1. Exactly one of (1) surrounded by 14 or more Cβ atoms within 10 Å (Cβ to Cβ); (2) at pLDDT 95 or above is unmet by Glu103. Its number?
2. Within the group Met68, Met20, which residue is aliphatic (A, V, I, L, M), out of contact with any Asp or Glu (no Cβ under 9 Å at 6 or more places or on another chain), closer than 16 Å to Val112 by Cα and modelled with pLDDT of 95 or more?
3. Would you check if Asn91 is surrounded by fewer than 22 Cβ atoms within 10 Å (Cβ to Cβ), closer than 22 Å to Val132 by Cβ and in contact (Cβ under 8 Å) with a residue 12 or more places away in the chain?
4. Could you pull out the residue among Glu138, Glu147 that is surrounded by 10 or more Cβ atoms within 10 Å (Cβ to Cβ), in contact (Cβ under 8 Å) with a residue 60 or more places away in the chain, farther than 30 Å from Pro73 by Cβ and not β-branched (Val, Ile, Thr)?
5. Go through Asn87, Asn91 for me and flag whichever is touching an Asp or Glu at 6+ places or on another chain (Cβ under 6 Å) and under 16 Å from Val121 (Cα atoms).
Amino acid sequence: MSEIIADLQPRFARESQSEMSEVVLPNDANPLNALLGGRLMHWIDVAGALAAHRHARSYVVTASIDHMDFLTPVHVGDLVILRSTVNRAFNTSMEVGVKAFVENYITGERRVVSTAYLTFVAVDRHGRRRAVPQLVPETEEEKRRFEDAGRRREHRTAERARKANTSAHGSA
């Protein structure tokens, strides 16, 4: 019992911060030697899961990913750096922000490729939802992301309700 209580002690956002790097190889690219969008999406999902695992100290599953734009091309040989942090924890879910950069490691130039917000749900080894610790934002930036995550959650909840209402009435 004490392990469960200790496991739910609030955690700081900085404790979930994760970073991963990938070199774009030919297998990651399309015929124009540009990174496949699906490969970047996969890397963003993995980077987000790292932060969620660190916060929840549990298995996590991806529940959703918000809107995502591809802002600049990434080519074979480029270095992709993905940074992730839990923005806010709810009952069993967490919003994680991921920012992907492309770095030319010869020139040192770095550009933002994409940003995304993902929702992860903590589960036990049987796939049942489990509670997650609350998040404690410390810096002004973390506090802003915390508040923004609450607004995005309200929007996602309203959108789910709208879709459920629309499908219940038979229209697309």
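1. Just one mismatch for Glu103, condition (2).
2. Details: Met68 fails: modelled with pLDDT of 95 or more.
One residue alone meets the criteria, Met20.
3. Taking the combined requirement at face value, the residue satisfies it.
4. Of Glu138, Glu147, the one residue that is surrounded by 10 or more Cβ atoms within 10 Å (Cβ to Cβ), in contact (Cβ under 8 Å) with a residue 60 or more places away in the chain, farther than 30 Å from Pro73 by Cβ and not β-branched (Val, Ile, Thr) is Glu138.
5. Among Asn87, Asn91, only Asn87 is touching an Asp or Glu at 6+ places or on another chain (Cβ under 6 Å) and under 16 Å from Val121 (Cα atoms).
The values are calculated or read from the model by the stated rules, or taken from the named source; none is laboratory data. Keep in mind the model is a prediction, meaning the values are calculated, not measured. With ideal geometry, Cβ positions are generated from the backbone for all residues, glycine too; neighbour counts draw on all protein chains shown.
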